[in-house]
1. For the structure I just gave you, tell me whether Ala23 is hydrophobic (A, V, I, L, M, F, W, C), in the same structural domain as Gln200 (by TED's automatic domain parsing), assigned to a helix (DSSP H, G or I) and at pLDDT 95 or above.
2. Taking Val105 as the residue in question, decide whether it is crowded, with 19+ Cβ neighbours inside 10 Å and more than 16 Å from the chain's Cα centre (by Cα).
3. Would region 249-269 turn up any residue that is at pLDDT 90 or above, out of contact with any helix residue (DSSP H, G or I) (no Cβ under 9 Å at 6 or more places or on another chain) and under 27 Å from Ser119 (Cβ atoms)?
4. Where residues in region 120-143 are in contact (Cβ under 8 Å) with a residue 24 or more places away in the chain, part of a loop (DSSP other than H, G, I, E, B) and in contact with a helix residue (DSSP H, G or I) (Cβ under 8 Å, 6 or more places away or on another chain), which of them is surrounded by the fewest Cβ atoms within 10 Å (Cβ to Cβ)?
5. Of all residues in region 52-76 being in contact (Cβ under 8 Å) with a residue 24 or more places away in the chain, buried (at least 22 other Cβ atoms within 10 Å of the Cβ) and among the β-branched types (Val, Ile, Thr), which is farthest from Met207 (Cα to Cα)?
6. Looking at this structure, is Thr49 assigned by TED's automatic domain parsing to the domain that holds Thr250, buried (at least 19 other Cβ atoms within 10 Å of the Cβ) and closer than 22 Å to Asn229 by Cβ?
7. Against the conditions (1) touching a strand residue (DSSP E or B) at 6+ places or on another chain (Cβ under 8 Å); (2) surrounded by 19 or more Cβ atoms within 10 Å (Cβ to Cβ), where does Ala115 fall short? Just the number, please.
8. Scan region 183-202 and report the pairs whose first residue is β-branched (Val, Ile, Thr) and whose second residue is part of a helix (DSSP H, G or I), with Cβ atoms within less than 6 Å and a gap of 6+ or a chain change.
Amino acid sequence: MGNLLKVDELQIELVTATGVIRAVDGVSFCIDAGETVTIIGESGSGKSTTAMGILGLLADDLAVLSGSVRFKDCEVLGNPKALAEVRGKHIALIPQDPMTALSPVHTIGSQLRDAVRHSGVRGKSAATARAVELLEQVRIPEPATQLAKYPHQLSGGMLQRVLIAGALAAGPELIVADEPTSALDVTVQASILDLLLELQERTGIGMLVITHDLGVARLVSDRIYVMKNGAFVENGDAEDLVRRPQSAYTKKLLDAVPALGPWSADTTKAGVPA
């Protein structure tokens, strides 16, 4: 069986007033069905740029220079038609900030119904029923009631669950989660990460997680890629990388993990003590 996603030598440039910067410098990785791969690094390391380059969602001052992005056997990089067919249906995005990702002037129900219709469901009643089902899947209580609310009426954790529900609307095979817990407090972060792992176990979905937090990465990942200045400085099995980091930069990230917290008890995705 081939990879779900395979990225080869991806290079992305950033155009600034003073010149051109290599924002992503020839990165390669792959993701299989049911697997979670995490790219971790500090702000500005290129991790989110890598994800947005894969999805064809780069800002105007960024451009893909070269490389390959294959979803299953289909090359999507530089192929807008193929990317439009894959994105949102087979590959879904969980954005970083719910308050900017969701429209403040439309109800949760209206926005989820739009996502459901994009997946091919027709008719308001059918779309509403599917929206309720999605909210149930992400453990939102009284889902029918929540559909009538506006984003400002829900907590940050609930809004993150709404974004996850929207990402699941079309039954994707791969989810890209861009800093899915960075705007949440520690307790809520843990519940969102548990939800993602539960959904993956139930559906077999693959995940690409972008985070600056090695505590998050060690909990959810099968494999971790450590990124600095647009390039990978280290990668490997999550448990091995956490136990035996090779680069000084990875050790620095490990040192930054709080001594207390829901994932600081030296646990990894497999639940193996580190």
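The values are calculated or read from the model by the stated rules, or taken from the named source; none is laboratory data. Note that the structure is predicted; figures quoted are calculated from it, not measured. FYI the Cβ positions are ideal-geometry reconstructions off the backbone, even for glycines, and counts take in every protein chain you see.
1. Values: hydrophobic (A, V, I, L, M, F, W, C): yes; in the same structural domain as Gln200 (by TED's automatic domain parsing): yes; assigned to a helix (DSSP H, G or I): no; at pLDDT 95 or above: yes.
When the stated conditions are applied, Ala23 does not pass them.
2. Numbers: crowded, with 19+ Cβ neighbours inside 10 Å: no; more than 16 Å from the chain's Cα centre (by Cα): yes.
No, not satisfied.
3. No, every residue in region 249-269 fails to be at pLDDT 90 or above, out of contact with any helix residue (DSSP H, G or I) (no Cβ under 9 Å at 6 or more places or on another chain) and under 27 Å from Ser119 (Cβ atoms).
4. Arg139
5. Ranking the candidates gives Val69 first.
6. Values: assigned by TED's automatic domain parsing to the domain that holds Thr250: yes; buried (at least 19 other Cβ atoms within 10 Å of the Cβ): yes; closer than 22 Å to Asn229 by Cβ: yes.
Spelling it out, Thr49 is indeed assigned by TED's automatic domain parsing to the domain that holds Thr250, buried (at least 19 other Cβ atoms within 10 Å of the Cβ) and closer than 22 Å to Asn229 by Cβ.
7. Ala115 satisfies all of (1) touching a strand residue (DSSP E or B) at 6+ places or on another chain (Cβ under 8 Å); (2) surrounded by 19 or more Cβ atoms within 10 Å (Cβ to Cβ) except (1).
8. Final answer for the pair search is Val188/Gly157; Ile192/Gln160.
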